[in-house]
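**Student:** First the structure, then my questions, so here it is.
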Amino acid sequence: MGGFPSGVLRDIKVHLEEERVGIDNRISQLSQQDPFSDPDRVNDNAASDHEASEESSHDRFAAMVEELREKRVAIDGALSRIASGTYGFCTNCGQMIDTDRLAILPTATLCLDCERKKK
């Protein structure tokens, strides 16, 4: 099974690792900004409209964090495939994923044909 040249894989790996660090930092920032992360919040006797605003903000932060965690899982999967020598191959049919697709979505696990069939 032929694959990508080691230099290309090294560059992709570095890019993915940098992206993972950025995601971890963003998750940390969002977690600190989440109104529910304030330990004094439990003792706060805020008005119900303020409570509703905090609840809405918390839901928004939680959704953003969840999306970032999903991206991190995809990055970890791509890094694992790089380590195992299977990066760039469709997990469904085994064919090489087009390099243009990987340039746009380096965490892609399916070739374009299999992605279309999935939908």
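The values are calculated or read from the model by the stated rules, or taken from the named source; none is laboratory data. Predicted model only: the values in this text are computed from it and were never measured. A quick note on method: Cβ atoms are made from the backbone with ideal geometry, for glycine too, and the neighbour counts reach across all protein chains shown.
**Student:** May I ask you to list pairs of residues, at least six apart or on different chains, whose Cβ atoms are under 8 Å apart, with the first in the stretch 12-29 being under 13 Å from residue 71 (Cβ atoms) and modelled with pLDDT under 95 and the second being among the β-branched types (Val, Ile, Thr) and crowded, with 16+ Cβ neighbours inside 10 Å?
**Tutor:** Every condition considered, the pairs that remain are 27/65.
**Student:** Pick from 103, 74: which is at pLDDT 90 or above, among the aliphatic types (A, V, I, L, M), in a helix (DSSP H, G or I) and exposed (fewer than 11 other Cβ atoms within 10 Å of the Cβ)?
**Tutor:** Numbers: 74 fails: exposed (fewer than 11 other Cβ atoms within 10 Å of the Cβ).
Within the list 103, 74, the selection yields 103.
**Student:** So residue 115 fits all but one of (1) in the same structural domain as residue 16 (by TED's automatic domain parsing); (2) over 22 Å from residue 15 (Cα atoms); what number is the exception?
**Tutor:** Residue 115 satisfies all of (1) in the same structural domain as residue 16 (by TED's automatic domain parsing); (2) over 22 Å from residue 15 (Cα atoms) except (1).
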